[in-house]
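A.B. asks: Structure incoming, see below.
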Amino acid sequence: MHIQRTHSSPYLFHSAAPYLAAAETPVDADTILLPYANKPTLLLIEDHGAMVDGMLPTLEKYFAVGVVNAAEDLPPTLAAGRYALAIVDLTLHRKLQGLEMMPLLRAAGIRFFVFSGTAEAWHIHAAIRLGARGFVDKRESLSQVLHALQEIHAGRFFFSEAIMQKLRLRKAQHFPLLGPGEQKVIQHIFALLAPGSQTMPSNKLIANAAQLSVGRVENILQKLNSKFNILDGTRDSLLAELKERGYFPGASLVPFGEIVSSL
């Protein structure tokens, strides 16, 4: 079975080199994945052509694979066919589009996990809050991806040992009750945030994006500092606290321990 791949946007090859080792690692897939009577459908969300080319020969032995490399391509792809599983790269086209896509995958009933070189503790926490059933760092071998596929297809979870170590080091906290205006401002903060950035967007940028006055944004940020017990009141401290708790728009805000206990 062959699935049409979506390539409306060109592949990006920035930062491709660090990931080639994972893609080119020799893997005896027959010792990891069991043969299925009918190939399950698998959506590979990845924008590095070298990674796609390195992974497809192995993945297509066991799955009917479709490829999406930009957030805007996901809705029509989901409308055109049903997928059982998905592998998600977090950073697409220099933005955290992988996290943005997770609520759509979750709503479509697709079991998904992360295979990404973007793997700080807060990315892991946010992915789990968004419904990811596993996480593998791209610096690990492709065999870890195959193990994850086997486990997640069987209805289980898979987090590589390297990822579990990061989860053990930092425990995400719960969220205070957030009002609609506060949630709106936080959502726009993350929408404006470049991957890896530790600096909050300006109040003017947030206000323009949220269609609020600068004064209203300042008032909401003061309330958020109070709710998150940020004593120094600095803007970047609020961003750091949101990341510490594993926030991303669309994520579950229930206590993190309750989510992890279900894994």
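A.B. asks: Name the long-range amide H neighbours of A64: under 5 Å, sequence gap of 5 or more, or other chain; modelled H, no Pro or chain starts.
C.D. replies: T41, L42
A.B. asks: Can you tell me the alpha carbon radius of gyration of segment 30-143 divided by the globular rule-of-thumb value 2.2 N^0.38 Å? List each step's numbers first, then the result.
C.D. replies: Working: Rg = 13.4 Å, N = 114, 2.2 N^0.38 = 13.3 Å.
Normalised Cα radius of gyration, segment 30-143: 1.01.
A.B. asks: Could you tell me what a quarter of the Cα convex hull surface of segment 120-244 works out to, in nm² with one decimal place? Mind showing how you got there, number by number?
C.D. replies: Values: hull surface 35.8 nm².
So the Cα hull casts an average projection of 9.0 nm².
A.B. asks: Given the Cα-Cα distance of R106 and Q222 and 0.36 nm per residue of separation, how much length would full extension add, in nm?
C.D. replies: 38.5 nm
A.B. asks: Next question. Quick one: 3J(HN,Hα) in Hz for segment 177-193, Karplus 6.51/-1.76/1.60 with θ = phi - 60°, rounded, Gly and Pro as x.
C.D. replies: With coefficients 6.51, -1.76 and 1.60, one gets 5, 10, x, x, x, 5, 5, 4, 5, 4, 4, 6, 4, 6, 5, 8, 7 Hz.
A.B. asks: Ok, one more. Going Cα to Cα from K138, which aspartates and glutamates come in below 16 Å? Please leave out same-chain ones fewer than 8 positions away.
C.D. replies: Hits, sequence-local ones excluded: E24, E46, D47, D53, D89, E120, E161.
A.B. asks: Another one. What accessible area per residue comes out for segment 123-220, rounded to a whole number of Å², with a 1.4 Å probe? The partial results should precede the final answer.
C.D. replies: Values: 4430 Å² over 98 residues.
It amounts to 45 Å² per residue over segment 123-220.
A.B. asks: Starting from the residue with the highest accessible area, list E241, E46, E120 in decreasing order, probe 1.4 Å.
C.D. replies: Ranking E241, E46, E120 by accessible area, largest first, yields E120, E241, E46.
A.B. asks: Still on this structure, please answer the following. Starting from the 7 Å offset along Cα-to-Cβ, what nm value, one decimal, do you get for the label separation of R82 and E244?
C.D. replies: Placing both labels 7 Å beyond Cα along the Cβ direction yields 4.5 nm.
A.B. asks: Could you tell me which of the pairs K184/K204; K184/K227; K95/K243; K39/K95; K184/K223 are separated by over 21 angstrom between their Cα atoms in the structure shown?
C.D. replies: Details: K184/K204 15 Å; K184/K227 15 Å; K95/K243 16 Å; K39/K95 32 Å; K184/K223 13 Å.
Listed pairs above 21 Å: K39/K95.
A.B. asks: Same structure, new question: Under 5 Å between amide hydrogens, which residues at least 5 positions from A86 or on another chain qualify, with H placed 1.01 Å from N in the peptide plane?
C.D. replies: Placed amide hydrogens put L43, R111, F112, F113 under 5 Å from A86.
The values are calculated or read from the model by the stated rules, or taken from the named source; none is laboratory data. Quick caveat: nothing in here was measured; it's all calculated off a predicted structure. A quick note on method: Cβ atoms are made from the backbone with ideal geometry, for glycine too, and the neighbour counts reach across all protein chains shown. The protein model used for the area step is the full one, side chains on, heavy atoms only, and it has no ligands, DNA or RNA in it. Shrake-Rupley method; radii C 1.70, N 1.55, O 1.52, S 1.80 Å.
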